[in-house]
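A short worksheet on the structure shown next.
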Amino acid sequence: MIHISAVIVTKDICKVYGSGSIKVEALKKVNIVIDKGDYISLIGPSGSGKSTLMNVLGCLDTPTSGHLYIDDIDVSTLKENQLARIRREKIGFIFQKYNLIPTLTALENVALVMGFAGVENKKRIIRAKDLLGQVGLSHRIHHKPSEMSGGEQQRVAIARSLANNPSIILGDEPTGNVDTKSGIAILKILENINELGNTVIIVTHNLDLAKRAKRMISIQDGIVSE
Amino acid sequence: MFKDNFNLAFKNIRARLSRSLLTLLGIAIGIMAIISLMGIGEGMNVAVTGELNSLSDTILVNVGEGFSIFSRGSIDSTDEYLTERDISDIERIIGIKEVTTQLVGGGILRFNGEDKAVTLTGIDSDIMQIQYSYENLEEGTLLQANDQNKIVIGYKVAYDYFDREISVDGKVLINGKKFFVSGIFGKQGMGGITSTDDIILLSPRDFEKVTGESNIYSATVTVYDVANVENIALEIERVINENHGDDDFASATTMSSILASIQMVLGIIQTVLVAIASIALVVASIGIMNTMLTSVMERTREIGIMKAIGATNKDIMVTFIMEGMLLSITGGLIGILLGVFGSKGVTAVLGNIGPSGSANLEPVISLFAVVLAVGVSMVVGVFSSLYPAWKAAKMSPIEAVRYE
């Protein structure tokens, strides 16, 4: 049964890599329900399957079996371009390694996502500037990723993830590549986003940071527990 | 989104500038070759057309096969000539303005104590000026209306026939009669409609004086109305052939039919040249494909990121095709500029080393050629980036993001 206010529901999701003797079960019958406005930290040791789960939840990867519902849409049956639309409209993804386009400036990186969604150029620039302002980077909008620190790049990545007003923000170790101070600053931004009603899910192996979340889900050998 | 695609493509080209410039150079050379060869071909066409169009009211009548660029029959190969009756019959055809005749016969040319058997051509001075323009002369002048005992000679006659070179105003003997050289034609070689290298032109009166004959090898007919020129040519052929009882005795050739056959040959030459130049373009398009494939490989991670943040396969494809087009169109535009200057350079060089007269060749770069060049570069850009773009678009986002 689907939870009324759930934004993400997984049903027996399995993810298997390889086959035969080299078969690796990264996710084993994962069943979780994530409500609107949740702030969840996903913890687990290396190789436990937390990044795989994030990629499946972010529609970057498809489960081998089972179903994933996002806003009541069974995305496990969708085609590549329909998945692209879900990623564009409903999900904001923040990577550990920022993953900004190296040839574009901060402003262009944020505006590009809105371009995929067909937002008019002028509106995109205004919103991108506003978002970069919200993450404290008004003075860095014309800088390229290579001219910014890790923390700054990650803040650009957060601004980018918010550009199309997605209801779900996924962060795959968003503080993993930055110093502690920047890490806390980034978490605070994410917590503010959560307070505005967005669902925030972050992967982390730092227990202190994980404890700041409203819910903590741990994963071990592909099996989740709360 | 167009602006974003353009921006991404432009910035990527700039980020890999030297590779992009080399790729672009390939296209530029291909387009340059096409533009300049088309320009030179069109220039030849215009030059020939211009010259022959001014003679569009003229019909050349001669014995035998007729006047063709495919067969330049030797004037010595026939001992049959047009008769006075033929000429007066031609004059009676309605619509004819004037008939002038050209006499051909053998003679002995003596200079510097040496004798040479030569072919003499007796021709009215005004016809001479139409058929052999002043531009073909290397030195001196063509004959004037009342000139007597004067000749115009070919390049080989002046410089190769005798141990000593004959110069303008030089004195020679033809069949024992004294003549002065009025003009010498430039070297023509095998090109051109009529080779002037071995020619000796003199007035019809002088011709009769030295040969004692008036063998009419050919006649030049002008008509009042250019529109009737083809019909009159047919009528002339019919009349002469009837006189001699031979369906193939003589032929009457209009300038437009000569023009058509020359244009056909020029067209073939032009097509072959452009086809050869297209090989350069094919190589260049493989260059673009290669550059784009490398670019796709280098940007695997970037493609993954774009997909992860919501780009569709179409968005990715458009970005890469745009990049290929940007390279090829820029290359094409540079190629057009190079082609314009290149064709001028080539014709200038040809003018210096080629036969006389080719110096007047001006390349004609038509709007069609430019539009074609731009169109071809666009098509090359799209086609050569299609496969790399497709390869980029079908990447799995998660694998591409993980790519290091």
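The values are calculated or read from the model by the stated rules, or taken from the named source; none is laboratory data. Please read these numbers as outputs of a predicted model, since none were measured by experiment. Every residue, glycine as well, gets a Cβ built from its backbone with ideal geometry; the counts of neighbours run over all protein chains shown. Heavy atoms of the whole protein, side chains included, go into the accessibility calculation; ligands, DNA and RNA do not. Shrake-Rupley method; radii C 1.70, N 1.55, O 1.52, S 1.80 Å.
Filtering region B:257-277 to residues that are more than 12 Å from the chain's Cα centre (by Cα) and either modelled with pLDDT of 85 or more or loosely packed, with under 13 Cβ neighbours inside 10 Å (or both) leaves B:ALA260, B:VAL272, B:ALA275, B:ILE276. Restricting attention to region B:365-404, the residues that are touching an Asp or Glu at 6+ places or on another chain (Cβ under 7 Å) and either within 13 Å of chain A (Cβ to nearest Cβ) or over 19 Å from B:THR319 (Cβ atoms) (or both) total 2. Can you confirm whether B:VAL318 is open to solvent by less than 10 Å² (accessible area, probe 1.4 Å) and at negative phi? Answer is no for this residue.
Among the residues of region B:284-325, those that are among the aliphatic types (A, V, I, L, M) and within 14 Å of chain A (Cβ to nearest Cβ) comprise B:ILE303, B:ILE305, B:MET306, B:ALA308, B:ILE309, B:ALA311, B:ILE316, B:MET317, B:VAL318, B:MET322.
Within the group B:GLY106, B:GLY176, which residue is of a type in the set (Gly, Ala, Ser), in contact with an Asp or Glu (Cβ under 8 Å, 6 or more places away or on another chain), under 17 Å from B:GLU213 (Cβ atoms) and open to solvent by 40 Å² or more (accessible area, probe 1.4 Å)?
Details: B:GLY176 fails: in contact with an Asp or Glu (Cβ under 8 Å, 6 or more places away or on another chain).
B:GLY106 is the lone residue from the list that is of a type in the set (Gly, Ala, Ser), in contact with an Asp or Glu (Cβ under 8 Å, 6 or more places away or on another chain), under 17 Å from B:GLU213 (Cβ atoms) and open to solvent by 40 Å² or more (accessible area, probe 1.4 Å).
Cβ-Cβ contacts under 7 Å between residues 6 or more apart (or on different chains), taken from a first residue in region B:332-352 that is over 17 Å from B:ILE27 (Cβ atoms) and part of a helix (DSSP H, G or I) to a second residue that is at pLDDT 90 or above and open to solvent by 20 Å² or more (accessible area, probe 1.4 Å), are absent. The residues of region B:101-132 that are in contact (Cβ under 8 Å) with a residue 40 or more places away in the chain and either under 19 Å from B:ASN241 (Cα atoms) or part of a loop (DSSP other than H, G, I, E, B) (or both), listed by number, are B:THR101, B:GLN102, B:ASN112, B:ASP124, B:TYR132. Checked against (1) over 30 Å from A:LYS15 (Cα atoms); (2) surrounded by fewer than 17 Cβ atoms within 10 Å (Cβ to Cβ), A:LYS214 meets all criteria but (1). Residues in region A:97-115 that are under 20 Å from A:ASN198 (Cα atoms) and more than 8 Å from chain B (Cβ to nearest Cβ): 2 in all.
Is it the case that region A:136-144 has a residue that's hydrophobic (A, V, I, L, M, F, W, C), in a loop (DSSP other than H, G, I, E, B), modelled with pLDDT of 90 or more and at negative phi? First the steps, then the outcome.
Taking region A:136-144 first, the residues hydrophobic (A, V, I, L, M, F, W, C) are A:137, A:141.
Cutting the leftovers down to in a loop (DSSP other than H, G, I, E, B) gives us A:137, A:141.
Now drop any that are not modelled with pLDDT of 90 or more, which leaves A:141.
Subsequent filtering for residues that are at negative phi retains A:141.
Yes, region A:136-144 contains at least one residue that is hydrophobic (A, V, I, L, M, F, W, C), in a loop (DSSP other than H, G, I, E, B), modelled with pLDDT of 90 or more and at negative phi.
Taking the conditions (1) touching a residue at least 24 places away in the same chain (Cβ under 8 Å); (2) farther than 11 Å from A:ILE94 by Cβ; (3) open to solvent by less than 40 Å² (accessible area, probe 1.4 Å) in turn, A:GLY115 satisfies each one other than (1).
Which condition from (1) within 9 Å of chain B (Cβ to nearest Cβ); (2) within 23 Å of A:LEU187 (Cα to Cα); (3) open to solvent by less than 10 Å² (accessible area, probe 1.4 Å); (4) outside any loop (DSSP other than H, G, I, E, B) is the one that A:LEU170 breaks? The number of the failed condition is (1). Among residues of region B:187-202 that are in a loop (DSSP other than H, G, I, E, B), those with a beta-carbon under 6 Å from a residue that is surrounded by fewer than 17 Cβ atoms within 10 Å (Cβ to Cβ) and modelled with pLDDT of 70 or more at least six positions away or on a different chain give the pairs B:ASP197/B:LYS156; B:ASP198/B:LYS156. Against the list (1) open to solvent by less than 10 Å² (accessible area, probe 1.4 Å); (2) in contact (Cβ under 8 Å) with a residue 40 or more places away in the chain, the condition B:ASN313 fails is (1). May I ask you to list the residues in region A:64-87 that are more than 12 Å from chain B (Cβ to nearest Cβ) and open to solvent by 10 Å² or more (accessible area, probe 1.4 Å)? Across region A:64-87, the qualifying residues are A:THR64, A:SER65, A:GLY66, A:HIS67, A:TYR69, A:ASP71, A:ASP72, A:ILE73, A:ASP74, A:SER76, A:THR77, A:LEU78. Considering (1) within 26 Å of the chain's Cα centre (by Cα); (2) assigned to a helix (DSSP H, G or I); (3) crowded, with 18+ Cβ neighbours inside 10 Å, the lone condition that B:THR253 does not fulfil carries the number (2).
Can you spot a residue in region A:105-117 that is closer than 20 Å to A:SER41 by Cβ and assigned to a helix (DSSP H, G or I)?
no
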